[in-house]
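Worksheet: the structure to be examined is printed underneath.
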Amino acid sequence: MFANKKHFTSAIVGALIALSIIALVLSLVRIEDVTLPPTVKYGMVFDAGSSHTSLFVYEWDSDKENDTGVVSQNLSCDVQGQGISSYANDPPKAGDSLRECLDKAMKVVPAGKQRDVPAYLGATAGMRLLREQNSSAADQVLAEVTKTMQEYPMAFKGAQILTGEEEGAYGWITINYLLESFTKYSPKAHAWVRPEAANIFGALDLGGASTQISFMPENSVMNWNETSKFTLYGYSYNIYTHSYLCYGQNEMLKRLAKELIVESSSSTQVDHPCYPKDYNETISLSSFRTSPCTNQSDPRLILGDRNVTLEGRGNASGCLAAIKKLFNFSACGQRQDCTFDSVYQPPVRGQFIAFSAFYYNFKFLNLTKGQSLATVRETIEHFCARSWENVQNPERLPKYCANANYILTLLLDAYKFNETSWNNIFFQMKAGSADVGWTLGYMLNLTNMIPAEPPARVKGHIPSLWAAAITFIILTLALGLAALLLLLWV
């Protein structure tokens, strides 16, 4: 009897030891070991620019929503036709123009998720100009756009006109988010870390009606009217951002044509130094009345309905000189913290991403591969000297000489980049798989996907509830066996 009791006790003790070892192992299981499948979420943003509208559909894992919101671009769709501001005289067409891209979006977003998709429309400089010229027409265009978007099964959040500074700031957020300048995951540390501050990029955006510059100055005294403040991932950022309305490339071309006509001795035929030799374009003076940028009264020019023919001369130096006259550089005097028109700007600092029309113009000229400023100037000069028969294309080619010289003037004379800092400008339209622009930053901000607080533990994993439960059961069994052993001895 005693021997049996001894063997039974030994068995109980062995079981207790085994159960204790199992419980110890389970208690050491990392919380990442048990993973829940993530739920994919979607968001969409219309970029309603001055010359065209584009739709972007983004997706991300819901388990990252309040940490880094690792977002990828699912769809990019260009809306047919001009920007929505061009429908001021027929607002319903503004809404109808969006349908084709909305239909495409509905095909990439699963039906069961569509009603939860936050959808936004942000209008930029084209609508800012229309609001200046005819606020009721701008309101009607936005109302028709809203009406159309509300017909689709999605969580429509509104259509609004962004300020120029918002456009610039959201572009800055997009760039630094995509390039992981704010925070990035370190597999070695199993944590989100903040890269060096030197990795923060500036943003250069050139549209049809406005242009924006945004960057983080170096400990300079800021003009707070030109500053945007952000707290992202627990760190504060004060960025300088300024938007120049009427300095987008399309409005610049209109202003240039008007200035050339004003200064010409002929009332019907005017030399255009930026257009290719043998290229002619006939415009009506009444076209200047369609934009606030060229509709200002000018005693040198009576705006009638007469036609004027612009005759190309292919003169690169003459083109550059004519473009510089569009800027009031003398208003800054000798101040280095000033661009033009007495606008304050601290010295440019760090690396910049130049996108939108900056990129598209230089891409056409094959100047997006880090060429030196001397090479850029030489390439532009050679292109401007070509005759029309050598560059024929009815769409954009007549404009590239003017656009390229305008970019040089804006970057060098206005923003004050130089031979050295020029090498810090990167012309690109994508970062990873996503387009660079303001739309992603806009959505990230409105969906609160970039928190003010530092990222917590990486989500996507849950605590090992099963391990904890099993450990609890084993410990309970161990205690039960110990109690049984105690009773047997009594």
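The values are calculated or read from the model by the stated rules, or taken from the named source; none is laboratory data. Keep in mind it's a predicted model, so treat the numbers as computed, not measured. Methodologically, a virtual Cβ is constructed for each residue, glycine included, from the backbone with ideal geometry; neighbour enumeration extends over all protein chains shown.
Brief remarks follow.
- Residues in region 279-313 that are modelled with pLDDT of 90 or more, in contact with a helix residue (DSSP H, G or I) (Cβ under 8 Å, 6 or more places away or on another chain) and part of a loop (DSSP other than H, G, I, E, B): Tyr279, Ser291, Pro292, Cys293, Thr294.
- Tyr87 being out of contact with any strand residue (DSSP E or B) (no Cβ under 9 Å at 6 or more places or on another chain), modelled with pLDDT of 90 or more and not basic (Lys, Arg): yes
- For region 128-137, the condition of being surrounded by 15 or more Cβ atoms within 10 Å (Cβ to Cβ), modelled with pLDDT of 95 or more, more than 24 Å from the chain's Cα centre (by Cα) and of a type in the set (A, V, I, L, M) holds for at least one residue.
- Cross-chain or 6+ apart pairs with Cβ under 6 Å, region 74-99 first and of a type in the set (Lys, Arg), then modelled with pLDDT of 95 or more and assigned to a helix (DSSP H, G or I): Lys93/Tyr87
- Residue list for region 334-387, filter: assigned to a helix (DSSP H, G or I) and within 22 Å of the chain's Cα centre (by Cα): Ala357, Phe358, Tyr359, Tyr360, Asn361, Phe362, Lys363, Phe364
- Here Ala331 meets each of (1) at negative phi; (2) under 31 Å from the mean Cα position of the chain (by Cα) with one exception, condition (2).
- Screening Ala123, Ala105, Ala169 for residues that are more than 14 Å from the chain's Cα centre (by Cα) and assigned by TED's automatic domain parsing to the domain that holds Ser214 leaves exactly one candidate, Ala105.
- Residue within region 314-326 that is of a type outside the set (Gly, Ala, Ser), in a loop (DSSP other than H, G, I, E, B), surrounded by fewer than 13 Cβ atoms within 10 Å (Cβ to Cβ) and touching a residue at least 12 places away in the same chain (Cβ under 8 Å) present: no
- Condition met for Asn424 (surrounded by fewer than 21 Cβ atoms within 10 Å (Cβ to Cβ), under 25 Å from the mean Cα position of the chain (by Cα) and either modelled with pLDDT under 95 or not small (Gly, Ala, Ser) (or both)): yes
- Remark: Val45 falls outside the filter, which requires a residue to be part of a strand (DSSP E or B), more than 25 Å from His242 (Cβ to Cβ), in contact (Cβ under 8 Å) with a residue 12 or more places away in the chain and of a type outside the set (Asp, Glu).
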